[in-house]
Structure formats: C-alpha cells, structure tokens
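The values are calculated or read from the model by the stated rules, or taken from the named source; none is laboratory data. Quantities reported herein were computed from a predicted structural model and do not represent experimental measurements. Positions of Cβ are backbone-derived with ideal geometry, glycine not excepted, and every protein chain shown enters the neighbour counts. These accessible areas exclude ligands, DNA and RNA; they are computed on the full protein's heavy atoms, side chains included. Shrake-Rupley method; radii C 1.70, N 1.55, O 1.52, S 1.80 Å.
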Amino acid sequence: MNIEVEEVSTGEKVVKTLGPSEGKFTFTSHDAGDHTICLSSNQTSSWFSNSHIKLYLDIAVGAARHDIEKDRAHANKLSDKLRDLNEKLEAIRREQQYQREREAQFRNLSESVNAKAMWYTLLQVIFLVGTCYWQLRFLRHFFADRKGR
C-alpha cells in the first residue's frame, strides 16, 4: 500500500511511504488544516484477475494527548540523576577539603622540620667556630711555651 499525505494549502508532501500491507499506519502533521490522503495498491492486476482489496479507514483528527505519566517518570529519572550528581559533587568537595587539611598539616610539619634543621646547622657552625677558636688559642700557647724553653 503506497501512502501519500499532502497539505492542501501549501502542496507540501507530509508523508510519502510504502505502508504495511496489514496493520495500522499513523502520521502527525506539523500544521493544522486540510490534507489530501492518497492510498494506492502496489499489487499489479490484470483486466481478468479477480483480486479484491479490503480497506477500513479510520481517521482520528485532533491534537495528540500529552502523556503525563511518561513525563512524570522522566522527571523522576532526571531528579534521581540530579540527586546522584549532587551526592558525587558533595563527595568531591569533602575529598578536596580533606586534601587541603592534609596539605596544611604536611606544610606545617615541613616548616617545623626545616626550622629544626636550620637551628641544628646553626648550632653546628657555632660549635665549629668555638672549637676552631679553642684550638688556635691552645696551639698559640703550645708554640709560645715551646719557643720559650
């Protein structure tokens, strides 16, 4: 069954298709107004063939009904996904806050270790300077006493 639907006012073809041989065929026009429906058989027949075609035509005219349950289910799916995304976002924020706290603790520990290392190095330098001074003084007195003998 060849099916063609054409808008009368514009002459634009809305549907041009090979429909099913049995069953239903539906279409939705985008504009309101008069339409021409052309149904033709794709069976070849001769003058002497005795084939018959039964056609029951039921045309429903009107706006398509909006499926509220489908919209509600879709909204529920979207709200579930949104809730999951919000939970993941909150988990990421908590993880970032935890990492910031760990970074602050590590920074404080690093600064403490660096300060202790600096003081240890300073004490070593003071000890070495004191040891050098003591050795120079000792050697000066040692050689002065040897020279005097």
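A few comments on the model shown:
- Scanning segment 1-36 for residues that are in contact with a His (Cβ under 9 Å, 6 or more places away or on another chain), open to solvent by less than 80 Å² (accessible area, probe 1.4 Å) and over 16 Å from A60 (Cα atoms) yields E6, E7, V14.
- Number of the exception - L78 against (1) exposed (fewer than 10 other Cβ atoms within 10 Å of the Cβ); (2) modelled with pLDDT of 90 or more; (3) of a type outside the set (V, I, T): (1)
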